[in-house]
Amino acid sequence: MRGQGLTKMYKELPKRRFARQAAHLNMISNYPNSAVKLPSTVASLELTFKTNIENGHAGIKNFWKYNLKTIQFHNPQLPISVRRIKTADEEESRKCPSVLKINMLDGGSQTIDCKSKRSEAILQEFLELTKAESIPEDEIPVVLTPSEKIVQQEKEFS
Amino acid sequence: MLTRLLQIQAPANRRFFQTSAPQLAKKMTRADLKKENAKRTQKKRTQARKAPETSPLFLEVPEALRYLRAAEVGRPVNEATITTSTVVVSDKGVTPVAGSVRLPRPLKQTNICALTTIPEQAENAKKTGAQVVGGLEVIKGIKDGSIELTFDNVFATPEMVPHLREIARVLGPKGLMPNAKRGTIVDDLEKKITEASGTTPFRQKSVLVALAVGKCHFSDSEILKNIMATRKAIREAAAKIDSPQPVLIGQTTITSTHGPGIVINF
């Protein structure tokens with residue numbers, strides 16, 4: 001069935017076709033608190049975590065799935081690489097790092113240890129470290145569904 | 001059983017609605033069915049003629065690519081493919097839209113080696129995009145291993161056949177050995193190389209023609225050029241089809257492996 005993959009991937013999106021697609025586009029452009037412009041001193045971002053979420057790797061996976069898309073959307077030129085490690089056994093899985101590395105233009109780098117942290121906490125730490133500026137709400141592009149468009153037109157008319 | 005039959009044949013005010021309704025319903029004649037179908041196709045045709053800008057999910061291509069690239073953040077290069085799918089409106093039984101397109105920026109570069117001693121052929125082969133072109137010196141290189149075998153195809157002209165035996169043991173196991181039966185020994189290298197490199201076939205499946213037009217790391221202009229080449233090829237293929245009513249090209253969406261579908265001007 002068409003569109004089923006998306007519904008499975010993001011269960012929180014609405015089921016109707018136009019509404020789902022519009023919500024998906026808006027989620028990419030404006031995920032809560034993630035629409036930020038990074039300062040030009042940041043050269044690149046590197047994420048390293050496991051392919052599965054055991055042993056505290058759930059937060060960084062969610063950070064990649066939701067927040068990182070919005071960060072890339074507002075910083076199109078920023079190179080972001082994601083490395084997902086496949087672990088063979090339990091011991092390896094426990095040892096595997098879960099880090100977000102921020103490379104600076106002057107050669108230095110800072111790392112955030114993301115083990116057993118929620119994605120909101122990782123984002124908070126990331127914003128404090130990079131001193132990113134949040135983008136005002138009216139500068140973020142919005143895709144409206146047909147019904148929302150009608151509501152907006154009525155508002156403008158009255 | 002008998003009582004049941006009697007009940008069905010009972011007067012209208014005492015009949016069972018569930019069992020007798022289909023029997024009493026007005027039967028659809030063949031003419032009615034035809035009318036219904038014509039109505040449906042007409043509706044599809046008017047929808048296909050609508051401007052893409054009227055869709056709520058319409059975006060300009062560069063803007064759409066910005067969303068798709070963000071959706072594919074951190075994915076491996078080979079995983080993040082950008083695809084267009086086009087709606088085709090045609091009558092029942094009409095041959096599907098099919099053909100092939102030469103993309104200005106192919107998704108995968110084909111490595112071709114051309115073996116010839118005719119200078120004219122060699123020049124043509126180089127012009128059309130063969131990576132390695134040459135005669136006996138190339139054969140020698142392949143034999144002693146100084147030329148790495150990273151080719152997808154090896155083509156040769158007929159006068160090279162006696163010399164090919166020397167490298168048969170190197171090329172053979174990789175399936176690259178030129179062979180008249182397989183059509184890889186040809187008089188016209190230029191034609192063969194153009195056929196082999198960079199053309200992508202497409203074919204209509206149910207109502208859609210889908211084609212991969214790029215990777216996420218391609219630049220905007222490269223993807224735009226690919227989309228324009230695709231558009232031209234699909235429209236040409238649709239125009240060629242013999243049908244009582246012309247085959248229409250409808251809405252086109254662009255999407256990536258993990259991204260949302262966005263309507264574009266096609």
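The values are calculated or read from the model by the stated rules, or taken from the named source; none is laboratory data. All values derive from a computational prediction rather than experimental measurement. Because the Cβ atoms are built from the backbone with ideal geometry, glycine has one as well, and the counts that use them run over all protein chains shown. These accessible areas exclude ligands, DNA and RNA; they are computed on the full protein's heavy atoms, side chains included. Shrake-Rupley method; radii C 1.70, N 1.55, O 1.52, S 1.80 Å.
When B:ILE82 is tested against the conditions (1) in a loop (DSSP other than H, G, I, E, B); (2) away from chain A (no Cβ under 14 Å); (3) of a type in the set (A, V, I, L, M, F, W, C); (4) closer than 24 Å to A:ILE28 by Cβ, the lone failure is (1).
Restricting B:ALA212, B:ALA233, B:ALA237, B:ALA229 to those that are at pLDDT 90 or above and part of a strand (DSSP E or B) reduces the list to B:ALA212.
Listed by first and then second residue, the pairs linking a residue in the stretch B:89-106 that is farther than 14 Å from B:PHE202 by Cβ to a residue that is surrounded by 15 or more Cβ atoms within 10 Å (Cβ to Cβ) and aromatic (Phe, Trp, Tyr), with Cβ atoms under 8 Å apart and 6 or more places separating them unless they lie on different chains, are B:ARG105/B:PHE218.
Of the residues making up the stretch A:20-33, those that are touching a strand residue (DSSP E or B) at 6+ places or on another chain (Cβ under 9 Å) and crowded, with 20+ Cβ neighbours inside 10 Å are A:GLN21, A:LEU25.
To keep it simple, each residue is scored yes or no on (1) of a type in the set (Val, Ile, Thr); (2) within 30 Å of B:PRO62 (Cα to Cα); (3) in contact with a helix residue (DSSP H, G or I) (Cβ under 6 Å, 6 or more places away or on another chain); (4) surrounded by 12 or more Cβ atoms within 10 Å (Cβ to Cβ).
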{"residue": "A:ALA58", "(1), (2), (3), (4)": "no, no, no, yes"}
{"residue": "A:GLN72", "(1), (2), (3), (4)": "no, yes, yes, yes"}
{"residue": "A:ALA88", "(1), (2), (3), (4)": "no, no, no, no"}
{"residue": "A:LYS95", "(1), (2), (3), (4)": "no, no, no, no"}
{"residue": "A:CYS114", "(1), (2), (3), (4)": "no, no, yes, yes"}
{"residue": "A:GLU154", "(1), (2), (3), (4)": "no, no, no, no"}
{"residue": "A:SER158", "(1), (2), (3), (4)": "no, no, no, no"}
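Where helices (runs of 4 or more DSSP H) fall wholly inside the stretch A:26-121, the ranges with 2 or more residues that are within 14 Å of chain B (Cβ to nearest Cβ) and modelled with pLDDT of 90 or more are A:58-62, A:68-74. Every condition in (1) surrounded by 11 or more Cβ atoms within 10 Å (Cβ to Cβ); (2) part of a helix (DSSP H, G or I); (3) modelled with pLDDT of 90 or more holds for A:GLU128 except the one numbered (1). Does B:GLY93 fit the bill of being at pLDDT 85 or above and assigned by TED's automatic domain parsing to the domain that holds B:ALA210? Taking the combined requirement at face value, the residue does not satisfy it. The set of residues in the stretch B:240-256 that are open to solvent by 40 Å² or more (accessible area, probe 1.4 Å) and at pLDDT below 90 comprises B:LYS240, B:ASP242, B:PRO244, B:GLN245, B:PRO246. Would you check if there is a residue in the stretch B:65-79 being of a type in the set (S, T, N, Q) and open to solvent by less than 10 Å² (accessible area, probe 1.4 Å)? The answer is no; no qualifying residue exists. Which of the residues belonging to the stretch A:101-158 are among the hydroxyl-bearing types (Ser, Thr, Tyr) and over 13 Å from A:LEU45 (Cβ atoms)? Result: A:SER116, A:SER119, A:SER134, A:THR145, A:SER147, A:SER158.
Here the stretch B:43-78 is the region considered, the condition is being within 11 Å of another protein chain (Cβ to nearest Cβ), in a helix (DSSP H, G or I) and of a type in the set (Lys, Arg), and the residue that is nearest to B:ASN265 (Cα to Cα) is B:ARG66. Please work out if B:GLY93 is away from chain A (no Cβ under 14 Å) and on the phi > 0 side of the Ramachandran plot. Yes, satisfied. Look through the stretch A:131-148, keep the residues that are open to solvent by less than 80 Å² (accessible area, probe 1.4 Å) and in a helix (DSSP H, G or I), and return whichever of them is nearest to the other protein chains (Cβ to nearest Cβ). Only one residue fits best here, namely A:PRO146.
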